[in-house]
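The values are calculated or read from the model by the stated rules, or taken from the named source; none is laboratory data. Worth saying up front: this structure is predicted, and the values here are computed from it rather than measured. When we count neighbours, we look across all protein chains shown, and the Cβ atoms used for this are built from the backbone with ideal geometry, even at glycine. To get the accessible areas, we keep the full protein, side chains included, count just its heavy atoms, and leave off ligands, DNA and RNA. Shrake-Rupley method; radii C 1.70, N 1.55, O 1.52, S 1.80 Å.
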Amino acid sequence: MKIDIAPRTFHFKQPAGTSRGIYTTRKSWFVTITSDKYPGRKGIGECAPLPDLSCDARPDYEKTLRAICNITESKGEIDYQMLRPYPSMLFGLETAMLNLERGSDMLFDTPFGNGDEGIPFNGLVWMGNFDEMLSRLHEKIKQGFKCVKLKIGAIDFNKEMELVKEIRRNFTKEQIELRVDANGGFTPNNVLYHLETLAKYDIHSIEQPIRQHQWKQMAELCKESPLPIALDEELIGVNIKAMKEELLDTIKPHYIVLKPSLHGGMQGIREWIDMANSRNIKSWITSALESNVGLNAIAHLTADIYGSGITFPQGLGTGQLFTDNIDMPIKIKDNAIWFLKNS
């Protein structure tokens, strides 16, 4: 087995506002695996850490990735226990290994992988000033999205509430499902006021209302909140099985939102979902600004985990963000992502 590494920088069509600042470019490392076991084939995967967010985003990322690839080469397989602290690297290697073994971009045999079903996703309204967010909101509704996710906590809360009211003035909760993502933007002192205000407008759920690592306060919030709470950033860096169990049993969230590049690669996502299911905690999967290579892998993983007939909107609408994305056999149709099996 041989593994090559190639970095690549992608450029956003429009600046992407997040809780960690504004991105105009996005750097990924692509791993390419070849093996005498599969002559003439190669498997490609994307390692895409997010600066200041991923637990494995580090100044010596490429050096660490090279060392991990060297170990993987010598063992001839992925050492999942060793890679628990490196979710973005694990996800890239898992993708590349599946791609190599199957000899196809169809990573799992599912109705999605056979091109028979699409996976619905929410329309995402990025952070920005009020006018920018209002324009993006109208664009998503015009495109026909039945589920819209607003990133809040970046501008004045009253202005953000105007966006929420704009939706509810025109659409019921049955017509438009509305999710919000606070990215930890509220404090334990003011969060209940914000949640009570939002709850008047039939919000589906709120992601990460307060910053992570406040388990006691988050647990109390999950008990008292008038809105269902979803954990996202809270799960980053919680890579050991016993810690995952402790987190879920302590906080008892209503949902967990999972990104393979942040939350343990494919194996880690399956572990989180198995634990959540056993505790009656619901989940959905989303991408983390990967290129189409990573997005394709996440979509196939989602289809393999949740099975046929997915109706709950996932977070897979990031495939059209870059001016210089990589061509993959996926397309967006009717606010769902589809795999083009025979392309």
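Quick notes on this one:
- The residues of region 24-55 that are among the acidic types (D, E) and open to solvent by 60 Å² or more (accessible area, probe 1.4 Å), listed by number, are D36, D52.
- Residue check for F121: touching a residue at least 60 places away in the same chain (Cβ under 8 Å), touching a Cys at 6+ places or on another chain (Cβ under 9 Å) and surrounded by 21 or more Cβ atoms within 10 Å (Cβ to Cβ): yes
- Looking only at residues in region 189-207 that are modelled with pLDDT of 95 or more and in a loop (DSSP other than H, G, I, E, B), the one that is surrounded by the most Cβ atoms within 10 Å (Cβ to Cβ) is D202.
- Scanning region 56-75 for residues that are crowded, with 19+ Cβ neighbours inside 10 Å and within 26 Å of F10 (Cα to Cα) yields D56, Y61, L65, I68, C69.
- Checking each residue in region 220-258 for being closer than 21 Å to Q81 by Cβ, of a type outside the set (V, I, T) and not in a strand (DSSP E or B) picks out L235, G237, N239, K241, A242, M243, K244, E245, E246, L247, L248.
- Odd one out for I155, checked against (1) over 22 Å from E207 (Cα atoms); (2) modelled with pLDDT under 90: (1)
- Residue satisfying condition, being open to solvent by 10 Å² or more (accessible area, probe 1.4 Å) and without any contact (Cβ under 8 Å) to a residue 24 or more places away in the chain, within set N325, N277: N277
- Every pair of residues 6+ apart whose Cβ atoms lie under 7 Å, when the first sits in region 147-168 and is over 12 Å from V125 (Cα atoms) while the second is at pLDDT 90 or above and assigned to a strand (DSSP E or B): G153/F186; I167/V148; I167/L178
- Only a single item in (1) open to solvent by 40 Å² or more (accessible area, probe 1.4 Å); (2) in contact with a His (Cβ under 9 Å, 6 or more places away or on another chain) is not met by N170, and it is number (2).
- Matching entry among L340, L258 (being touching a helix residue (DSSP H, G or I) at 6+ places or on another chain (Cβ under 9 Å) and not β-branched (V, I, T)): L258
- Residue that is farthest from the chain's Cα centre (by Cα) [pool: residues in region 1-24 that are among the β-branched types (V, I, T) and more than 17 Å from S287 (Cβ to Cβ)]: I3
- The listed residues are F145, F130, and the only one of them that is modelled with pLDDT under 90 and either buried (at least 19 other Cβ atoms within 10 Å of the Cβ) or over 17 Å from the mean Cα position of the chain (by Cα) (or both) turns out to be F130.
- Subset of region 262-295 [closer than 19 Å to L107 by Cβ, in contact with a Leu (Cβ under 8 Å, 6 or more places away or on another chain) and of a type in the set (S, T, N, Q)]: Q267, T286, S287
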